[in-house]
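Below is one structure, written out as structure tokens; the observations come after it.
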Amino acid sequence: MRRTIDWDDDAIVIVDQCALPDELRTLTITTVDDLIAAIQRLAVRGAPALGAAGALGVALAARQHPKDAQKVRAEAARIAAARPTAVNLAWGVERALERLDDGPDAVLAYARALLDEDERVNRAASARAAELVKELCAERKLRLLTHCNTGRFACVAWGTALGTVKHLAEAGLVENVIASETRPLLQGARLTAYELTEMGVRYQLCVDSAAASALARGLVDCVLVGADRVAANGDVANKVGTYPLALAANRHGIPFIVVAPESTVDPDTPRGDAILVEDRRSDEVTHVAGHRIAPAGAQAFNPAFDITPAELVTAIVTEQRVIRPA
């Protein structure tokens, strides 16, 4: 399957990201309830992929309720609320709803066009970011660090921050990538490592708490991350663990670059403290792969995201521009 998320035979088809790295399998989604469940358990995740899921979800609802626009809008609202921090989910829903008055076929045609657009946009943003990395770092074999998963599994077919790594690797400019394992669901270990293996890029996994030590020991030339929402002032919401990385990069004078599509920039959110941060279940921390690792009944502080202040960000790169909030 070339795409992480697609439309086929009146259904949404996604790569089940919860099954990786053991199995590359797909799920066929035929109801809004199933789509919401897939989004919430992170079978489909990543800001750009969620934007596509939002649009395809509206298309699914429109085809199932072709004469009931009110019902479609109610289903769309449920989809948009499935994960509140990532702005792309609601963005995809809202853009698809703009076609609702033109009928279900128009909604589906837009959603399918968005899939093509996502790949073009992310290729452009990651290519621009690769040029910026070469500008900021002496052109040599680079040692990069990335957090969570920002590759094709987080998007439709081409990644953002990990897409940048791919551009640099294709130019022969990557010596090594340190990928944080990404607690609590290990997207770095399960997904990013899988993609780096596919690319043939040398990499090392590190536990999240060791990433700052890698920067302090001079093992990293540049940090590349994605974003789930960028506030108007340049504050960045991304996978929890991004903020301490930005602090460490700032302390050690290492470029900290955010790569995301323009749709992730939210002009209606003035600052990071206005972003609702999703808190997830305790068992994602107290259990690993279904095995309990904490005392029975233990509760966990488990935010899915954190907010990195704009002054710690070297640049935010989209398909249209380079924003330098610092």
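Per-structure values
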{"quantity": "Among residues of region 269-285, those that are within 22 Å of residue 147 (Cβ to Cβ) and either surrounded by 15 or more Cβ atoms within 10 Å (Cβ to Cβ) or touching a helix residue (DSSP H, G or I) at 6+ places or on another chain (Cβ under 8 Å) (or both), counted", "calculated": "8"}
{"quantity": "Number of positions in region 181-206 that are touching a Ser or Thr at 6+ places or on another chain (Cβ under 8 Å) and farther than 17 Å from residue 168 by Cβ", "calculated": "5"}
{"quantity": "Identity of the residue in region 69-87, in a helix (DSSP H, G or I) and among the aliphatic types (A, V, I, L, M), that ends up nearest to residue 191 (Cα to Cα)", "calculated": "87"}
{"quantity": "The one condition in (1) assigned to a helix (DSSP H, G or I); (2) in contact (Cβ under 8 Å) with a residue 40 or more places away in the chain that residue 135 fails to fulfil", "calculated": "(2)"}
{"quantity": "Residues within region 177-231 that are in contact with a Phe, Trp or Tyr (Cβ under 6 Å, 6 or more places away or on another chain), touching a residue at least 60 places away in the same chain (Cβ under 8 Å) and over 18 Å from residue 44 (Cα atoms), tallied", "calculated": "1"}
{"quantity": "Search result, residues across region 271-299 that are of a type in the set (Gly, Ala, Ser) and closer than 30 Å to residue 252 by Cβ", "calculated": "272, 274"}
{"quantity": "Criterion violated by residue 188 - all others in (1) over 12 Å from the mean Cα position of the chain (by Cα); (2) crowded, with 24+ Cβ neighbours inside 10 Å satisfied", "calculated": "(1)"}
{"quantity": "Candidate set from region 267-309 (those that are of a type in the set (A, V, I, L, M) and within 19 Å of the chain's Cα centre (by Cα)); member that is nearest to residue 131 (Cα to Cα)", "calculated": "307"}
{"quantity": "Filter pass, residue 107 being without any contact (Cβ under 8 Å) to a residue 40 or more places away in the chain, of a type in the set (Val, Ile, Thr), in contact with a helix residue (DSSP H, G or I) (Cβ under 9 Å, 6 or more places away or on another chain) and in the same structural domain as residue 58 (by TED's automatic domain parsing)", "calculated": "no"}
{"quantity": "Residues located in region 77-118, provided they are among the acidic types (Asp, Glu) and surrounded by fewer than 21 Cβ atoms within 10 Å (Cβ to Cβ)", "calculated": "94, 98, 101, 102, 105, 116, 117"}
{"quantity": "Filter pass, residue 114 being under 17 Å from the mean Cα position of the chain (by Cα), of a type in the set (A, V, I, L, M), under 30 Å from residue 60 (Cα atoms) and not assigned by TED's automatic domain parsing to the domain that holds residue 285", "calculated": "yes"}
{"quantity": "Search result, residues across region 311-326 that are in contact with a helix residue (DSSP H, G or I) (Cβ under 8 Å, 6 or more places away or on another chain), at pLDDT 95 or above and among the hydrophobic types (A, V, I, L, M, F, W, C)", "calculated": "312, 313, 315, 317, 322"}
{"quantity": "Every residue from region 29-67 that is over 21 Å from the mean Cα position of the chain (by Cα) and crowded, with 24+ Cβ neighbours inside 10 Å", "calculated": "59, 60, 61, 62"}
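The values are calculated or read from the model by the stated rules, or taken from the named source; none is laboratory data. Remember, predicted model here, so these are calculated numbers, not experimental data. No Cβ is skipped: glycine too gets one built from the backbone with ideal geometry, and neighbour counts run over all protein chains shown.
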